[in-house]
């Protein structure tokens, strides 16, 4: 049987000119992009991406991306394919998932969206810090930690406030609790993004609806984007725009 020759036709159809020389560069940029954007993807999609990543790096000592966890590995299921074809399909899938992603900008500008959750909320935190318990929606534990936190609105080492973590994982009960404890609903992270930016980008429609009326939807991040402009769901964009126009 003749060896498979990948002509990258799938990528060409997407308007991306990929030669064998720059395939690795585009693969690396896609992987870095996923480290920022993976939080809005479901488990099955991440599992497929991980399977393609592993087949793309067969024979090399490349560590797993930061977005990979044990649950993602457990769901991994993909037929064995040629290494170059795997890279092709990996890049194609990232471009399909994130049509606004640009190879020209990747790695040359500061990220405009900082996702903080690794996957869906984990019911059993692996580390004993307040961010883990926010992800797990454990209000009792969060309340215990807050006793020793002087400023609930202080950014952590990643430039993110506690209220952003709650919006990121889509927990209204946690948001209600943190706001009651003094968390600023318009708090900004290191990129100038509010909890509404996070909720809109992650597709948490119920959280967006909860925040509207409590927050300022006109705040733009450092790249000049309003919450509706980073939304991944057209319904969420319409909800925010309709709310803003009614004021």
Query raised in the report: For residues in segment 39-80 being at pLDDT below 70 and in a helix (DSSP H, G or I), which is farthest from residue 201 (Cα to Cα)?
Result: 74
Report task. Might you let me know whether segment 164-181 holds any residue that is modelled with pLDDT of 90 or more, in contact with a strand residue (DSSP E or B) (Cβ under 7 Å, 6 or more places away or on another chain), within 21 Å of residue 132 (Cα to Cα) and not in a helix (DSSP H, G or I)? Result -> no
Query - Sole exception among (1) in a helix (DSSP H, G or I); (2) within 23 Å of residue 37 (Cα to Cα) for residue 141, by number - result: (2)
Query raised in the report: Is at least one residue of segment 93-110 at pLDDT below 60, outside the structural domain of residue 232 (by TED's automatic domain parsing), touching a helix residue (DSSP H, G or I) at 6+ places or on another chain (Cβ under 7 Å) and under 20 Å from residue 230 (Cα atoms)?
Result: yes
Report task. Say whether the condition of being within 19 Å of residue 228 (Cβ to Cβ) and surrounded by fewer than 22 Cβ atoms within 10 Å (Cβ to Cβ) is met by at least one residue in segment 194-203. Result -> yes
Report task. Answer with yes or no whether residue 195 is without any contact (Cβ under 8 Å) to a residue 40 or more places away in the chain and under 17 Å from the mean Cα position of the chain (by Cα). Result -> yes
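The values are calculated or read from the model by the stated rules, or taken from the named source; none is laboratory data. Keep in mind that this is a model prediction, so the values were computed, not measured. As a convention, Cβ positions derive from the backbone with ideal geometry for all residues, glycine included, and neighbour counts pool all protein chains shown.
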